[in-house]
Amino acid sequence: MKHIKSKVLWGVLIVFLILLAYVLPYTVLSGIHAWYGSFLLWGIIGLLIIIANFMVTKDWGK
């Protein structure tokens with residue numbers, strides 16, 4: 001049961017990060033006119049999503 005709860009937690013984190021990647025550039029970062037503000041945010045969120053995807057799928061072969 002603990003294993004399933006951790007997978008759900010990682011899945012919720014992925015959904016939250018995807019929503020954050022969409023909402024932040026149009027709200028908090030909307031006053032920044034340089035392109036690298038959103039690019040840096042999307043790069044960091046992308047790496048966090050890759051890590052979360054690894055955590056969700058690391059036991060699929062077992």
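The values are calculated or read from the model by the stated rules, or taken from the named source; none is laboratory data. Bear in mind the structure is a predicted one, so any value in this text is a computation, not a measurement. Here the Cβ positions follow ideal geometry from the backbone for every residue, glycine too, while neighbour counts run over all protein chains shown. For accessibility, only protein heavy atoms count, side chains too; no ligands or nucleic acids. Shrake-Rupley method; radii C 1.70, N 1.55, O 1.52, S 1.80 Å.
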>> If F39 meets every condition in (1) open to solvent by 100 Å² or more (accessible area, probe 1.4 Å); (2) modelled with pLDDT under 80 apart from one, which number is that one?
In response: (2)
> Taking the stretch 21-36 on its own, how many of its residues are part of a helix (DSSP H, G or I) and surrounded by fewer than 16 Cβ atoms within 10 Å (Cβ to Cβ)?
Replying inline: 9
>> Quick check on my filter: what residues within the stretch 42-62 are open to solvent by 70 Å² or more (accessible area, probe 1.4 Å), over 15 Å from the mean Cα position of the chain (by Cα) and either farther than 19 Å from H3 by Cα or charged (D, E, K, R) (or both)?
In response: K58, K62
> Does W10 meet the test of being open to solvent by less than 80 Å² (accessible area, probe 1.4 Å), of a type in the set (F, W, Y) and assigned to a helix (DSSP H, G or I)?
Replying inline: yes
> So which residues in the stretch 15-62 are charged (D, E, K, R) and in contact (Cβ under 8 Å) with a residue 40 or more places away in the chain, if there are any at all?
Replying inline: D59
